[in-house]
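Accompanying notes for the structure given below.
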Amino acid sequence: MLDFLIFNIPKMDLRAPSIALGLLKATTEHDGFKSRAYDLNIDLWRMMIKDGYGHWWSYSDWTLVDQKLLNENWHILEPYVRKCLEENVVPHNPKVVGMSVFSFLQYYALEKIALLLREYLPNARFMIGGPGISIRNKPVCEEWFAKLKESNAINDWMFGESDFIMSDYLAGKERPGINNWEKDPRTTVMRLVKPDYSDMDFSKYPKKHLRFDIDGPGPNKWAYITGSRGCVRKCTFCDVQSFWPAFKTKSGKFIAEEMIDANRNYGIKKFKFTDSLLNGNLGILKEKCETLKEHGYLKSNDERELEWHGQWICRNRKQISPEFHDLLADAGLGMVGIGIESGSEKVRYHMKKKFDNESLYYTLEQFERTNVLVVALMMIGYPTETEEDFQETLLLLERLAKMKNVCDVNVNNPTRILPGSPLGDDPDHFGIQYTQLIEDKDFTASWWYGDNDYATRIERFYRFHHKMIEVGLKKSYADDSQDKYMKEYIEIKNDPAMVKIMKEVHEYGKEKIINIDNDIRDKKAEQSREVLGLGH
């Protein structure tokens with residue numbers, strides 16, 4: 001009998017297995033339990049795409065996440081789910097079944113899959129965990145968990161970093177985070193208590209991070225990988241420090257060897273790092289690149305070339321020389337997401353980003369020179385942002401538009417203030433005023449700073465996207481699901497000229513969605529042919 005079997009709930013990204021699966025397999029095995037990790041999401045897709053249902057995983061298809069659509073199509077889905085479970089879960093007769101829930105959108109599929117599996121494993125303990133079980137969704141979660149327990153779909157739920165408490169759960173130990181929300185000991189706020197990982201040794205979770213119990217990692221041969229936890233920066237808007245207060249990292253040699261092991265055992269050539277920053281520790285980054293080169297993993301070696309992506313912070317020429325940038329590209333760095341946030345140095349310094357424009361432009365120029373793709377992560381309406389600051393951001397867009405390697409400019413919403421971030425935990429300290437402070441989620445619409453109110457932030461959000469279209473940065477957009485901002489703006493202010501701009505952005509967004517869906521459909525059809533060996 002297996003002690004523990006963990007699988008994920010569809011639908012999820014198909015590029016790679018969820019890193020949570022391999023991580024929980026590794027940590028529980030290290031603590032003496034017999035464990036197995038199974039990617040139901042990818043396996044189910046592999047099975048269903050043969051019969052023409054692969055589009056259910058596409059960008060705009062809601063079949064697997066909408067309750068009505070899921071109910072209407074369950075008679076199609078159920079036989080495939082049964083086959084996956086009968087072949088990959090039931091024969092192992094696990095004492096504990098873990099179901100990883102990435103989003104609250106998976107709750108409907110979770111219930112159906114759990115009840116179906118219960119038919120086969122009536123005596124097993126079923127538990128759920130993952131990002132979908134969040135303090136930000138506390139009221140929804142509690143109502144849903146009560147319903148799931150009443151129907152015997154689950155026994156328990158887990159809140160927080162599961163790799164710290166899963167072994168305790170398997171051993172039958174009671175502790176905070178299992179069937180309850182943890183309370184911050186400093187306040188009465190229900191929030192994830194910071195785990196004590198001061199003595200955490202990454203090496204005790206050897207390369208099993210990336211070991212799974214099915215053939216191949218995913219249709220694109222991608223794998224997620226973790227080199228560090230926490231962040232060397234303490235940005236005012238970020239909540240990472242609320243659950244990873246200190247920066248903890250593996251050695252560069254260990255990270256490189258983990259990548260090499262995954263390549264040799266599974267043929268994985270592409271890695272997406274989950275780290276807050278790839279270049280948080282430059283010594284470790286350099287050691288990783290040099291180790292990859294020593295083992296022949298070079299960009300010039302097509303047979304052994306690896307590609308890796310991750311988050312990046314701008315640094316100046318003294319910190320990362322042009323030669324260092326050459327080493328990065330040669331060792332496989334292919335894409336970086338840079339938290340630029342604003343074109344204004346003043347705003348970035350208040351955020352504690354603390355890099356100047358000279359460092360920004362140097363970083364962008366080096367990545368353009370070495371053909372590393374850049375995703376520019378932007379923030380519109382930060383509390384201290386003035387109209388003058390915003391104009392500097394619009395000017396930055398003009399510069400980004402001239403760079404051939406800028407593959408995306410990403411901003412999804414006006415600035416949110418998150419619980420667990422310095423701004424969210426102590427808005428009064430930062431001079432933020434508000435009509436309502438909601439402790440378990442952001443309070444986007446109810447705060448202001450000087451003349452930076454909600455209506456102003458919505459205006460700048462759309463002006464930003466309109467400028468992107470104007471300068472030819474057609475990579476990101478305000479899609480139609482965000483028309484709530486326009487509707488809320490009309491209720492608050494309803495300036496006709498501004499509403500006209502908003503409608504133009506939405507019209508562009510609708511066209512963009514259609515094009516993206518077509519591209520995804522074409523790519524997935526091609527991937528399916530490759531996976532199934534059908535050719536073109």
Quiz prompt | Looking only at the stretch 137-162, and only at residues there that are surrounded by fewer than 18 Cβ atoms within 10 Å (Cβ to Cβ) and among the charged types (D, E, K, R), the one that is farthest from GLN67 (Cα to Cα) | solution = ASP156
Quiz item: So which pairs qualify, if the first residue must be in the stretch 55-75 and in a helix (DSSP H, G or I), the second must be modelled with pLDDT of 90 or more and basic (Lys, Arg), the Cβ gap must be under 9 Å, and the two must be at least 6 apart or on different chains?
Solution: TRP56/LYS11; TRP57/LYS11; LEU70/LYS112; ASN71/LYS112; TRP74/LYS112
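Please go through the stretch 104-136 and pick out each residue that is open to solvent by 40 Å² or more (accessible area, probe 1.4 Å), out of contact with any Asp or Glu (no Cβ under 9 Å at 6 or more places or on another chain) and modelled with pLDDT of 90 or more. Give the steps one after another, and end with the answer.
Initial filter on the stretch 104-136 (open to solvent by 40 Å² or more (accessible area, probe 1.4 Å)): 104-105, 108, 112, 115, 119-120, 122-123, 125, 131, 136.
Narrowing the set further to residues that are out of contact with any Asp or Glu (no Cβ under 9 Å at 6 or more places or on another chain) leaves 104, 115, 119, 122-123, 131.
Hits for the stretch 104-136 are LEU115, GLU119, PRO122, ASN123.
Which of the residues belonging to the stretch 338-347 are closer than 26 Å to TRP308 by Cβ and either basic (Lys, Arg) or open to solvent by 10 Å² or more (accessible area, probe 1.4 Å) (or both)? It would help to see each step written out before you state the result.
So the first thing to find is which residues in the stretch 338-347 are closer than 26 Å to TRP308 by Cβ, and the list is 338-341.
Hit for the stretch 338-347 is GLU341, nothing else.
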Quiz item: Only one of (1) surrounded by fewer than 15 Cβ atoms within 10 Å (Cβ to Cβ); (2) farther than 23 Å from LEU400 by Cα; (3) not hydrophobic (A, V, I, L, M, F, W, C) is not met by ASP330, so which one is it?
Solution: (1)
Quiz item: For the subset of the stretch 86-103 comprising residues that are of a type outside the set (A, V, I, L, M, F, W, C) and more than 19 Å from GLY129 (Cα to Cα), which member is least open to solvent (accessible area, probe 1.4 Å)?
Solution: ASN88
Quiz item: For LYS83, are the conditions met, namely being out of contact with any Cys (no Cβ under 6 Å at 6 or more places or on another chain), in contact (Cβ under 8 Å) with a residue 12 or more places away in the chain, closer than 22 Å to GLU119 by Cα and open to solvent by 10 Å² or more (accessible area, probe 1.4 Å)?
Solution: yes
Practice problem: State all residues of the stretch 402-423 that are crowded, with 17+ Cβ neighbours inside 10 Å and either over 30 Å from PRO245 (Cα atoms) or among the aromatic types (Phe, Trp, Tyr) (or both); if no residue qualifies, say none. | Solution: VAL406
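Give the residues of the stretch 167-195 that are open to solvent by 40 Å² or more (accessible area, probe 1.4 Å), at pLDDT below 75, more than 18 Å from PRO131 (Cβ to Cβ) and of a type outside the set (Lys, Arg), sorted by residue number.
PRO176, PRO185, THR187, THR188
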Exercise. Take the stretch 354-393 and flag every residue that is in contact with a Gly (Cβ under 7 Å, 6 or more places away or on another chain) and either open to solvent by 20 Å² or more (accessible area, probe 1.4 Å) or among the small types (Gly, Ala, Ser) (or both).
Key: LEU373, VAL375, LEU377, GLU392
Quiz prompt | Criterion: assigned to a loop (DSSP other than H, G, I, E, B) and under 30 Å from GLY172 (Cα atoms) - qualifying residue of GLY32, GLY52, GLY98 | solution = GLY32
Quiz item: Residues in the stretch 255-297 that are of a type in the set (A, V, I, L, M), in a loop (DSSP other than H, G, I, E, B) and touching a helix residue (DSSP H, G or I) at 6+ places or on another chain (Cβ under 6 Å): how many?
Solution: 1
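The values are calculated or read from the model by the stated rules, or taken from the named source; none is laboratory data. Because the structure is a prediction, the values reported are computed rather than measured. Methodologically, a virtual Cβ is constructed for each residue, glycine included, from the backbone with ideal geometry; neighbour enumeration extends over all protein chains shown. For accessibility, only protein heavy atoms count, side chains too; no ligands or nucleic acids. Shrake-Rupley method; radii C 1.70, N 1.55, O 1.52, S 1.80 Å.
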